[in-house]
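The values are calculated or read from the model by the stated rules, or taken from the named source; none is laboratory data. Predicted, not measured: the structure shown is a model, and the values here were computed from it. No Cβ is skipped: glycine too gets one built from the backbone with ideal geometry, and neighbour counts run over all protein chains shown.
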Amino acid sequence: MNKKIAVCPGSFDPITNGHLDIVRRGLCVFDKVIIAVGHNPLKKDLFTTEEKVVMIRESVVSNTRIEVDTFEGLLVDYIIKIGACAILRGLRVISDFELELQLALMNRRLCPTIETFFLMTDFNNLFVSSTMVKATAAAGGSVEGLVPDAALKKLQERFPIMKV
(Lines give C-alpha, C1' and ligand atoms only; values in the text may rest on other atoms or scores of the structure.)
Protein backbone atom coordinates (compact mmCIF):
# COMPACT_ATOMS: atom_id res chain seq x y z
CA MET A 1 0.00 0.00 0.00
CA ASN A 2 1.27 3.46 -0.91
CA LYS A 3 1.71 5.83 1.97
CA LYS A 4 -0.16 9.10 1.77
CA ILE A 5 2.47 11.77 2.27
CA ALA A 6 1.72 15.48 2.60
CA VAL A 7 4.17 18.33 2.52
CA CYS A 8 3.64 21.32 4.79
CA PRO A 9 5.83 24.01 3.21
CA GLY A 10 6.86 27.35 4.64
CA SER A 11 9.67 29.60 5.71
CA PHE A 12 8.99 28.84 9.42
CA ASP A 13 10.92 31.88 10.64
CA PRO A 14 10.33 30.75 13.39
CA ILE A 15 8.00 27.79 13.58
CA THR A 16 4.99 28.47 15.79
CA ASN A 17 2.67 26.25 17.79
CA GLY A 18 0.07 27.06 15.13
CA HIS A 19 2.26 25.47 12.46
CA LEU A 20 2.78 22.40 14.63
CA ASP A 21 -0.95 22.12 15.31
CA ILE A 22 -1.69 22.02 11.56
CA VAL A 23 0.98 19.36 11.01
CA ARG A 24 -0.23 17.17 13.88
CA ARG A 25 -3.84 17.45 12.77
CA GLY A 26 -2.76 16.62 9.22
CA LEU A 27 -1.63 13.24 10.55
CA CYS A 28 -5.31 12.37 10.98
CA VAL A 29 -5.55 12.30 7.17
CA PHE A 30 -2.01 11.49 6.02
CA ASP A 31 0.39 8.70 6.95
CA LYS A 32 3.30 11.12 7.07
CA VAL A 33 3.75 14.89 6.96
CA ILE A 34 7.01 16.45 5.84
CA ILE A 35 7.69 19.95 7.10
CA ALA A 36 9.56 21.44 4.16
CA VAL A 37 11.56 24.57 4.92
CA GLY A 38 11.89 26.76 1.87
CA HIS A 39 13.59 30.06 1.36
CA ASN A 40 11.33 32.92 0.30
CA PRO A 41 13.53 35.54 -1.42
CA LEU A 42 10.81 38.14 -0.80
CA LYS A 43 11.23 37.80 2.99
CA LYS A 44 14.14 38.82 5.20
CA ASP A 45 14.72 35.85 7.48
CA LEU A 46 15.75 36.12 11.12
CA PHE A 47 17.09 32.55 11.24
CA THR A 48 19.16 30.55 8.76
CA THR A 49 17.63 27.51 7.11
CA GLU A 50 19.89 25.30 9.23
CA GLU A 51 18.71 26.98 12.45
CA LYS A 52 15.08 26.55 11.42
CA VAL A 53 15.58 22.85 10.67
CA VAL A 54 17.20 22.27 14.08
CA MET A 55 14.37 24.12 15.89
CA ILE A 56 11.71 22.16 14.03
CA ARG A 57 13.41 18.79 14.51
CA GLU A 58 13.75 19.42 18.24
CA SER A 59 10.04 20.29 18.32
CA VAL A 60 8.81 17.11 16.57
CA VAL A 61 11.45 14.59 17.65
CA SER A 62 8.90 12.43 19.46
CA ASN A 63 6.73 11.86 16.37
CA THR A 64 8.17 9.46 13.80
CA ARG A 65 5.43 10.33 11.28
CA ILE A 66 6.74 13.89 10.96
CA GLU A 67 9.90 14.58 8.98
CA VAL A 68 11.77 17.81 8.38
CA ASP A 69 13.46 18.67 5.09
CA THR A 70 14.49 21.66 2.99
CA PHE A 71 13.77 22.51 -0.61
CA GLU A 72 14.62 25.10 -3.22
CA GLY A 73 12.80 26.02 -6.37
CA LEU A 74 9.27 24.97 -7.19
CA LEU A 75 7.33 23.21 -4.45
CA VAL A 76 5.62 20.90 -6.96
CA ASP A 77 9.02 19.70 -8.25
CA TYR A 78 10.04 18.85 -4.69
CA ILE A 79 6.75 17.03 -4.04
CA ILE A 80 7.11 14.94 -7.19
CA LYS A 81 10.74 14.13 -6.30
CA ILE A 82 9.87 12.76 -2.85
CA GLY A 83 6.67 10.98 -3.94
CA ALA A 84 4.20 13.02 -1.89
CA CYS A 85 0.60 13.49 -2.99
CA ALA A 86 -0.53 16.67 -1.25
CA ILE A 87 0.27 20.09 0.10
CA LEU A 88 -0.94 20.82 3.63
CA ARG A 89 -1.58 24.45 4.56
CA GLY A 90 -3.16 26.24 7.48
CA LEU A 91 -5.62 29.11 7.22
CA ARG A 92 -6.13 31.76 9.89
CA VAL A 93 -7.96 34.70 8.37
CA ILE A 94 -9.57 35.74 5.06
CA SER A 95 -6.36 37.31 3.78
CA ASP A 96 -4.60 33.93 4.20
CA PHE A 97 -7.27 32.32 2.02
CA GLU A 98 -6.80 34.84 -0.79
CA LEU A 99 -3.06 34.18 -1.07
CA GLU A 100 -3.33 30.44 -0.45
CA LEU A 101 -6.01 30.04 -3.13
CA GLN A 102 -3.74 31.71 -5.68
CA LEU A 103 -0.82 29.48 -4.68
CA ALA A 104 -2.99 26.35 -4.79
CA LEU A 105 -4.29 27.20 -8.25
CA MET A 106 -0.79 27.89 -9.57
CA ASN A 107 0.47 24.62 -8.10
CA ARG A 108 -2.47 22.79 -9.68
CA ARG A 109 -1.65 24.41 -13.03
CA LEU A 110 1.98 23.28 -12.70
CA CYS A 111 1.05 19.76 -11.56
CA PRO A 112 -2.64 18.75 -11.72
CA THR A 113 -2.10 15.54 -9.72
CA ILE A 114 -1.04 17.29 -6.51
CA GLU A 115 -3.89 18.35 -4.23
CA THR A 116 -3.81 21.15 -1.67
CA PHE A 117 -5.52 20.58 1.69
CA PHE A 118 -6.40 23.49 3.95
CA LEU A 119 -6.97 23.17 7.67
CA MET A 120 -8.48 25.98 9.68
CA THR A 121 -6.29 27.02 12.56
CA ASP A 122 -7.38 26.39 16.10
CA PHE A 123 -8.96 29.53 17.56
CA ASN A 124 -6.11 29.75 20.10
CA ASN A 125 -3.66 30.32 17.24
CA LEU A 126 -5.82 32.64 15.16
CA PHE A 127 -3.63 35.70 15.75
CA VAL A 128 -0.27 33.90 15.76
CA SER A 129 2.13 34.34 12.86
CA SER A 130 5.90 34.16 12.62
CA THR A 131 5.91 37.87 11.80
CA MET A 132 3.86 38.71 14.91
CA VAL A 133 6.10 36.50 17.06
CA LYS A 134 9.28 38.20 15.81
CA ALA A 135 7.84 41.70 16.25
CA THR A 136 6.68 40.95 19.79
CA ALA A 137 9.99 39.34 20.79
CA ALA A 138 12.02 42.18 19.27
CA ALA A 139 10.01 44.71 21.27
CA GLY A 140 10.62 42.81 24.51
CA GLY A 141 7.28 41.04 24.83
CA SER A 142 6.71 37.44 25.82
CA VAL A 143 5.96 34.86 23.14
CA GLU A 144 5.95 31.95 25.56
CA GLY A 145 3.20 29.50 24.60
CA LEU A 146 3.14 30.73 20.99
CA VAL A 147 6.24 28.84 19.85
CA PRO A 148 7.81 25.52 20.82
CA ASP A 149 10.58 25.58 23.42
CA ALA A 150 13.36 25.23 20.82
CA ALA A 151 12.14 28.34 19.00
CA LEU A 152 11.66 30.22 22.27
CA LYS A 153 15.28 29.55 23.19
CA LYS A 154 16.56 30.82 19.82
CA LEU A 155 14.36 33.92 20.05
CA GLN A 156 15.77 34.64 23.53
CA GLU A 157 19.28 34.45 22.06
CA ARG A 158 18.37 36.94 19.32
CA PHE A 159 16.34 39.25 21.56
CA PRO A 160 17.78 39.28 25.11
CA ILE A 161 15.21 41.93 26.12
CA MET A 162 12.38 39.49 25.44
CA LYS A 163 10.29 38.63 28.51
CA VAL A 164 9.73 35.00 29.35
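Scanning the range 18-42 for residues that are out of contact with any Asp or Glu (no Cβ under 8 Å at 6 or more places or on another chain) and not in a loop (DSSP other than H, G, I, E, B) returns HIS19, LEU20, ILE22, VAL23, ARG24, ARG25, GLY26. Are there any pairs, at least 6 apart or on different chains, whose C-beta atoms fall under 7 Å, with the first in the range 102-128 and closer than 10 Å to VAL76 by Cβ and the second in a helix (DSSP H, G or I) and polar (S, T, N, Q), and if so, which? Filtered contacts from the range 102-128: ILE114/ASN107. Exactly one residue out of THR70, THR16 is among the β-branched types (Val, Ile, Thr) and over 21 Å from PHE118 (Cβ atoms), and it is THR70.
Do the conditions hold for ASN107, that is, is it modelled with pLDDT of 95 or more, within 25 Å of ARG25 (Cα to Cα) and assigned to a helix (DSSP H, G or I)? In short, yes. Does at least one position in the range 63-71 carry a residue that is outside any helix (DSSP H, G or I), closer than 24 Å to LEU126 by Cβ and in contact (Cβ under 8 Å) with a residue 40 or more places away in the chain? The answer is yes, given that some residue of the range 63-71 is outside any helix (DSSP H, G or I), closer than 24 Å to LEU126 by Cβ and in contact (Cβ under 8 Å) with a residue 40 or more places away in the chain. Selection within the range 1-17: residues that are part of a loop (DSSP other than H, G, I, E, B) and not aliphatic (A, V, I, L, M). The member of this set that is nearest to LEU103 (Cα to Cα) is SER11.
Please work out if GLY90 is on the phi > 0 side of the Ramachandran plot and either part of a strand (DSSP E or B) or surrounded by fewer than 21 Cβ atoms within 10 Å (Cβ to Cβ) (or both). The answer is no for GLY90.
Here ASN63 passes the criteria (1) within 27 Å of ARG158 (Cβ to Cβ); (2) among the polar types (S, T, N, Q); (3) at pLDDT below 95 except the one numbered (3).
Conditions (1) under 15 Å from the mean Cα position of the chain (by Cα); (2) over 25 Å from THR136 (Cβ atoms); (3) not polar (S, T, N, Q), marked per residue:
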residue	(1), (2), (3)
ILE5	no, yes, yes
ILE22	yes, no, yes
GLU67	yes, yes, yes
ILE79	no, yes, yes
CYS85	no, yes, yes
LEU101	no, yes, yes
